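Worksheet for the structure shown next.
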Amino acid sequence: MFLTRTVSRTVITQLPRSLCPLTSSLSRSFSSTPTRCNAQGQGTKVIQPTLGVAAAMKAKSDSSFQPKVQIFDEFALKDGVAVVTGGNGGLGLEMAMALAEAGAKLYCIDLPASPSPEFLACAEYAQKLGTSLEYIQADVTSQSQMSSAVSGIVNKHGRLDACVAAAGILGPTETSALDLSEDDFRKVLDVNTTGVFLTAQAALNGMVKTGSRGSIILIASMSGSIVNRGHPWVAYNTSKSAVLQMARNLACDFGKEGIRINTISPGHIYTKQTAAVLDKNPKQGEIWAQSNPLGRLGQVHELRGVV
Ligand SMILES: NC(=O)c1ccc[n+]([C@@H]2O[C@H](COP(=O)([O-])OP(=O)(O)OC[C@H]3O[C@@H](n4cnc5c(N)ncnc54)[C@H](O)[C@@H]3O)[C@@H](O)[C@H]2O)c1
């Protein structure tokens, strides 16, 4: 059911495109609604857009059909609205910029009362590109704060097209499981797992309420599937593994609403989070680089196309 693809060590779990409800930007390409049987043998309507091979076949049989490049429209978010948590910097801000460049109005949620210089530069740049990036202070571990932040956006625009749950913490980097405090363990799970759930929950409520056939992307990690050998990161790895199963569960729960839920599992990328390890021990960067197929660390911009 799920496809996996690797970019360096970044793994994306994604529903097959043929089963994905498509974004509204494609609705004008829909030509027919053939019926397909589900596992129970009941007929389900499957939207069949005239794209790719289907477009070529249509052009062959219908001389009035105008050939047109559609791949960029498929990923366009023109007039869309998106939310990114952890969007004050790092991977969250880079992914927010990618979505803004695709045409969406972006709302970045993060902890600090005022946004970072990088965020402010991006907001100014987005404005020059004819879109917007706004900052909202909220804590992903608070259900009331997340609900209020996201419902404010949804009430203003009447839609929510995408949500990326990127807020996350690594936790103590060198503490053995023998000594890890209950508080430290809980804190990592609180932000990385509960926080991701509360983000998805707020987005799902907004999407269901407005009938938005949106996309929710939970940022997990390769650490949800493998162990970073040599690093005692049991809390982090546990929290990310939970995100993978959370996405499968929510994807099955909300697929019928036309809402897609996927995960991205980045490999090692230099950000504030990994700086906590790499700045203390530069040799670690070389060890991580050598464990990657490309022989180097990933870079934040390499997730632009992925998101
Ligand atoms: N950098 C990597 O190599 C890497 C690899 C795999 C997964 N990830 C994941 O990618 C995501 C982004 O990480 P990053 O590398 O950009 O790190 P980062 O530290 O640069 O960004 C994380 C952001 O989350 C915010 N945040 C933390 N707790 C929060 C809370 N309670 N509420 C709201 N915001 C909060 C931080 O303020 C920060 O801006 C994280 O989930 C991380 O686990 C990163």
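No lab work stands behind these numbers, since they all come straight from the coordinates. Since the structure is predicted, the reported quantities are computational estimates derived from the model, not experimental observations. Glycine also receives a Cβ, built like all others from the backbone with ideal geometry; neighbour counts cover every protein chain displayed.
Between residues in segment 65-83 that are on the phi < 0 side of the Ramachandran plot and residues that are surrounded by 16 or more Cβ atoms within 10 Å (Cβ to Cβ) and hydroxyl-bearing (Ser, Thr, Tyr), which pairs lie under 6 Å by C-beta distance while being six or more apart or on different chains?
Listed by first residue and then by second, the contacts come to Asp73/Ser25; Ala76/Ser25; Val83/Tyr107.
Step by step: first the residues of segment 205-219, then only those that are hydrophobic (A, V, I, L, M, F, W, C) and in contact (Cβ under 8 Å) with a residue 60 or more places away in the chain, then the one that is nearest to the ligand (Cβ to nearest atom). Which residue is that?
Here the residue is Ile219.
Taking interchain pairs and intrachain pairs at least six residues apart, which have beta carbon atoms under 8 angstrom, with the first residue in segment 90-117 and under 21 Å from Met146 (Cβ atoms) and of a type in the set (Gly, Ala, Ser) and the second in a loop (DSSP other than H, G, I, E, B) and within 9 Å of the ligand (Cβ to nearest atom)?
Pairs found: Gly90/Ala166; Gly90/Thr271; Gly92/Gly86; Gly92/Ala166; Gly92/Ala167; Ala96/Gly87; Ser116/Asn88; Ser116/Gly89.
Looking only at residues that are farther than 19 Å from Asn192 by Cα and exposed (fewer than 15 other Cβ atoms within 10 Å of the Cβ) in segment 258-285, which one is nearest to the ligand (Cβ to nearest atom)?
Once the filter is applied, the top-ranked residue is Asp279.
Does segment 140-169 hold any residues that are buried (at least 24 other Cβ atoms within 10 Å of the Cβ), more than 9 Å from the ligand (Cβ to nearest atom) and either small (Gly, Ala, Ser) or closer than 12 Å to Leu218 by Cβ (or both), and which are they?
Within segment 140-169, Ala162, Cys163, Val164 qualify.
Quick one: count up the residues across segment 87-114 that are among the small types (Gly, Ala, Ser), within 12 Å of the ligand (Cβ to nearest atom), closer than 22 Å to Val154 by Cβ and in contact with a helix residue (DSSP H, G or I) (Cβ under 8 Å, 6 or more places away or on another chain).
2
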